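Here the structure is laid out as structure tokens; the discussion comes afterwards.
The values are calculated or read from the model by the stated rules, or taken from the named source; none is laboratory data. From a predicted model like this one, the values you see are computed outputs, not experimental measurements. Heads up, the Cβs are rebuilt from the backbone with ideal geometry, glycines too, and the neighbour counts pull from every protein chain shown.
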Amino acid sequence: MQFPASSKFTSLRILQRLEDTLELPPLPETTQRIMRLRSDPKAVMGDLVDIVESDPGLAAQVVSWASSSFYASAGQVRSVHDAISRVLGFDTVMNLAMGLALGRTLKAPLDQPEGYRDYWQQATWQAQSAGILAGMMPRTKRPLFGLAYLAGLLHNFGDLVLVQVFPPYHEQLMRWQGDNPAGDSAAQEQKLMGFSREQIAARLLENWGMPDEVTLAVRHQADADYSGPHHYLARIVWLSRQLLTARGVMPGRAEPVPQSVFEELGLSRQRVEQQFDALVRNRDGIMAMAGMMPLAR
């Protein structure tokens with residue numbers, strides 16, 4: 001079941017609730033610096049290294065990520081510079097650092113029901129999957145890899161917003177998901193709150209001035225029929241979620257993926273299925289990477 005991604009009433013209701021919430025944190029300084037770097041045409045790798053190294057926790061995570069078995073880098077990764085130049089690349093580290101900084105801004109949920117994957121596991125799977133799909137698309141349709149990666153990494157940011165801004169609803173939804181692991185969570189959110197976690201996440205990201213592409217992808221990720229601006233990026237996030245859910249990696253119920261979605265994105269269904277099968281076979285590598293993410297506070 002699909003619901004309108006936005007309406008005037010819903011948008012005002014979300015905005016009012018966010019504005020009324022006490023102590024909602026501002027955009028992290030690290031993220032602000034990275035966003036300024038993104039818009040600087042003269043930016044070089046050394047600028048990004050300086051930003052990441054200024055945050056010891058973030059620097060350790062980037063180096064650990066690059067050192068993981070998933071990337072199987074040749075030689076030991078000894079520094080942030082190594083992680084960027086030899087393994088991950090400028091674009092990936094910039095967006096990974098932004099997603100990590102945002103994820104640490106709000107507390108992660110601690111009361112997940114049995115079978116419900118934790119926040120960073122889902123974020124890691126989705127980021128890798130969105131990056132894979134973007135990389136397979138024709139250049140004429142392909143969104144920037146870094147934006148696809150970031151949209152995947154932030155796809156469940158609404159979970160964190162629910163915990164901090166709407167705790168009673170979050171508790172109800174967690175109980176419902178525990179009792180209905182294959183249920184339609186979007187329909188339940190609409191029933192309980194009148195809006196979805198994707199909508200409130202997008203509103204907060206919009207207020208923070210995040211890239212429009214990412215904000216729209218997060219907002220419309222559950223709408224397979226969205227055809228507005230940056231719809232390719234939203235469709236990538238939707239498709240990767242269905243493919244992961246069908247393989248038992250993500251909780252919930254996978255929707256059938258029509259051939260037209262693959263054709264729209266310029267993708268071969270067979271090749272995509274093979275790539276996702278390979279990704280799931282490397283489950284241990286993905287889970288190890290997720291374990292390097294910030295701990296719930």
- Which of the residues belonging to the range 262-279 are buried (at least 17 other Cβ atoms within 10 Å of the Cβ) and assigned to a helix (DSSP H, G or I)? PHE262, LEU265, VAL272, GLN275, PHE276, LEU279
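Among the residues of the range 246-258, is any assigned to a helix (DSSP H, G or I) and buried (at least 16 other Cβ atoms within 10 Å of the Cβ)? Even if it seems obvious, please write down each step before you answer.
We begin by selecting, within the range 246-258, every residue assigned to a helix (DSSP H, G or I); these are 246.
With buried (at least 16 other Cβ atoms within 10 Å of the Cβ) added as a condition, the list becomes 246.
Among the residues of the range 246-258, at least one is assigned to a helix (DSSP H, G or I) and buried (at least 16 other Cβ atoms within 10 Å of the Cβ), which makes the answer yes.
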- Query: Is it the case that some residue within the range 282-297 is among the aliphatic types (A, V, I, L, M), outside any helix (DSSP H, G or I) and exposed (fewer than 14 other Cβ atoms within 10 Å of the Cβ)?
  - Reply: yes
- Query: Where residues in the range 63-93 are part of a helix (DSSP H, G or I), within 21 Å of LEU279 (Cβ to Cβ) and of a type outside the set (Gly, Ala, Ser), which of them is farthest from the chain's Cα centre (by Cα)?
  - Reply: VAL87
- Selection within the range 46-62 - under 24 Å from the mean Cα position of the chain (by Cα) and assigned to a helix (DSSP H, G or I): LEU48, VAL49, ILE51, VAL52, GLU53, PRO56, GLY57, LEU58, ALA59, ALA60, GLN61, VAL62
- Message: Whether any residue in the range 204-221 is in contact with a Leu (Cβ under 8 Å, 6 or more places away or on another chain), more than 21 Å from ALA134 (Cα to Cα) and among the polar types (S, T, N, Q) is what I want to check.
- Response: yes
- Task: Go through (1) surrounded by 18 or more Cβ atoms within 10 Å (Cβ to Cβ); (2) of a type in the set (A, V, I, L, M); (3) in a helix (DSSP H, G or I) and name the single condition ALA222 misses.
- Result: (3)
- Message: Contact list please: Cβ distance under 6 Å, first residue in the range 135-146 and under 10 Å from TYR232 (Cβ atoms), second residue in a loop (DSSP other than H, G, I, E, B), pairs at least six apart or on different chains.
- Response: MET137/GLY266; LYS141/GLY266
- If we keep just the residues of the range 200-219 that are part of a helix (DSSP H, G or I) and surrounded by fewer than 19 Cβ atoms within 10 Å (Cβ to Cβ), which is modelled with the highest pLDDT? ASP212
- Item | Out of ARG235, ARG241, ARG247, ARG197, sole residue that is basic (Lys, Arg), at pLDDT 85 or above and farther than 16 Å from GLY131 by Cβ | ARG247
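Residue by residue, here is whether (1) closer than 22 Å to SER129 by Cβ; (2) of a type in the set (A, V, I, L, M, F, W, C); (3) touching a residue at least 40 places away in the same chain (Cβ under 8 Å) holds:
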| site | (1), (2), (3) |
| --- | --- |
| SER69 | yes, no, yes |
| GLY75 | no, no, no |
| ARG78 | no, no, no |
| ILE84 | no, yes, no |
| PHE90 | yes, yes, yes |
| MET94 | yes, yes, yes |
| GLY99 | yes, no, yes |
